[in-house]
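The values are calculated or read from the model by the stated rules, or taken from the named source; none is laboratory data. Predicted model only: the values in this text are computed from it and were never measured. All Cβ positions, glycine included, derive from the backbone under ideal geometry; neighbour counts span all protein chains shown.
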Amino acid sequence: MSSSQPQNRLRVAVIGGGMAGLVLTLFLQKHSPDVQVDIYESAQALSEVGAGIAMWPRVWEIVVQLGFEEELNEIASGSAGEKPSFTYYKGDQPEMQVAFPTKYLARTFHRSQLQTLFAKHIQNVDQVIHFGKRLSDYVAPASGTGEIILNFRDGTSATCDVVLGSDGIRSAVRHTMYEDMAKAASDEKAAAELRQVSVPIWSGNIVYRGLVPVEGLSEDMKADVVTWNRAFLGKNQHIVCYPIAQNKFINLASFVFTPEGEGTQYDGPWVSHVSAEAVVEKFGGWDPLIQTLMKGMCDPLAWAVNRLKKLPTFSSGRVALLGDAAHAMTPFQASGLGQAIEDGFVLASILSQTNVTVSNVASALKIYDKIRRPFAQNIQRLSDANGQCQHLRQGGWEDVTAEESLRGGFAQDRFDGVSELLASHMKWAQESSVMDDRDEALRMAKELTA
């Protein structure tokens with residue numbers, strides 16, 4: 001593992017090789033050679049689990065800052081062009097019905113392609129990323145200075161000045177951070193609340209994810225579905241469908257919502273294999289064309305969609321949380337990965353300031369928390385609200401039963417309320433800029449003193 005060098009202003013340990021940590025590392029290598037970054041990844045190689053992702057204009061601004069836009073455009077299956085990126089249909093009826101178009105402009109990617117591209121640009125990658133290193137816990141010194149000790153499950157250890165937890169919803173960094181905060185709490189009630197708030201909860205959703213090879217479809221269907229940037233609405237169910245990997249695959253995510261499960265602890269494996277036929281059975285009564293597409297899924301997985309509660313802080317001392325470790329959310333705004341990228345970018349921008357040192361980096365992490373936590377947690381909230389709309393539980397559909405929904409025959413204006421709600425929930429994705437947040441963070445960081 002890397003050792004400290006005299007010229008290093010900070011030694012940063014990123015726990016987890018996800019997008020937030022990769023973006024932070026790339027930015028600091030480009031702009032701050034005096035900051036040493038080590039990534040400790042539990043797996044033996046980088047291998048993102050998942051399929052398709054969408055990238056909104058805010059995140060594309062970061063891609064441009066990193067200089068990757070040309071390479072990413074080459075692997076994108078959609079582009080932020082002039083036509084709406086998604087059209088909503090009502091799918092839980094004998095024949096799908098156009099509900100409403102949207103103006104959500106996004107690019108879509110295969111998650112593993114994106115991770116591979118980012119990773120290949122890391123300088124001295126074999127020295128920077130340490131594989132097979134699953135964190136057990138860390139030990140921070142009682143004083144504000146001194147080395148932080150990282151303890152790994154293989155019995156090894158390492159040291160650093162700053163710990164950044166990018167290790168997912170089951171984050172060991174978050175567990176240690178909140179346990180330390182609980183031990184320092186003023187009373188038992190406050191301690192119990194800190195321990196409880198950091199435990200993931202089930203959203204009530206199961207998503208059946210799979211890729212459909214376009215080559216395996218009929219010629220007529222093949223020409224049609226590569227244009228399908230669509231979401232299909234249904235009562236307590238919905239499907240998102242779009243092409244990825246240069247139109248070689250159709251990404252299919254099919255959701256089933258159990259209202260009484262929301263906010264509980266999921267009893268079972270979070271990820272499991274399932275047959276395409278079993279998924280089709282759960283969408284009986286839906287348009288036959290949708291069911292035909294489902295049958296073409298290769299090795300689909302059933303994911304229990306868990307999320308985090310609203311954390312009171314993303315930082316404590318010289319430790320901070322990024323991505324799913326900080327704000328794991330439902331996928332109904334297609335923004336979990338995008339928010340992780342924003343975390344990495346804003347935090348790296350702060351740490352790149354030459355006046356940020358070991359003596360004041362805890363204050364720098366508080367700036368990150370102040371800028372990023374309200375925004376990311378609002379996206380958490382809006383994502384949950386989007387899910388309620390997509391499952392036809394809001395916008396005038398509250399009293400429609402699943403049986404009534406399956407019969408179809410609804411007037412077009414019945415979708416106006418859902419359309420208006422979704423548009424209001426997604427306004428931020430098209431009209432706000434992450435650069436405004438970055439600039440405010442830099443203004444605050446530049447005022448830090450030793």
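Scan the range 392-405 and tell me whether some residue there is in contact with a Pro (Cβ under 9 Å, 6 or more places away or on another chain) and either surrounded by 15 or more Cβ atoms within 10 Å (Cβ to Cβ) or assigned by TED's automatic domain parsing to the domain that holds residue 36 (or both).
Within the range 392-405, one or more residues are in contact with a Pro (Cβ under 9 Å, 6 or more places away or on another chain) and either surrounded by 15 or more Cβ atoms within 10 Å (Cβ to Cβ) or assigned by TED's automatic domain parsing to the domain that holds residue 36 (or both).
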Subject >> All positions within the range 151-170 that are farther than 23 Å from residue 350 by Cα and surrounded by 15 or more Cβ atoms within 10 Å (Cβ to Cβ) >> reply: 151, 152, 158, 169
Original post:
Hey, any hits in the range 187-200 for a residue that's in contact with a strand residue (DSSP E or B) (Cβ under 7 Å, 6 or more places away or on another chain) and within 29 Å of residue 251 (Cα to Cα)?
Top reply: yes
Original post:
Do any strands (runs of 3 or more DSSP E) entirely within the range 1-71 hold 2 or more residues that are at pLDDT 90 or above and not assigned by TED's automatic domain parsing to the domain that holds residue 249, and if so, which?
Top reply: 10-15, 35-40
**OP:** Would you check which residues across the range 304-353 are polar (S, T, N, Q) and not in a loop (DSSP other than H, G, I, E, B) and list them?
**Re:** 306, 315, 316, 339, 349
Original post:
Across the range 382-441, what is the total count of residues that are over 30 Å from residue 345 (Cα atoms) and not in a helix (DSSP H, G or I)?
Top reply: 15
Original post:
Which residue out of 320, 328, 334 is in contact with a Phe, Trp or Tyr (Cβ under 9 Å, 6 or more places away or on another chain), crowded, with 20+ Cβ neighbours inside 10 Å and under 30 Å from residue 144 (Cβ atoms)?
Top reply: 320
**OP:** Inspect all residues belonging to the range 178-188 and state whether any of them is at pLDDT 95 or above, among the small types (Gly, Ala, Ser), farther than 21 Å from residue 383 by Cβ and under 26 Å from the mean Cα position of the chain (by Cα).
**Re:** no
Original post:
Within the range 176-185, is there a residue that is within 30 Å of residue 75 (Cα to Cα) and exposed (fewer than 13 other Cβ atoms within 10 Å of the Cβ)?
Top reply: no
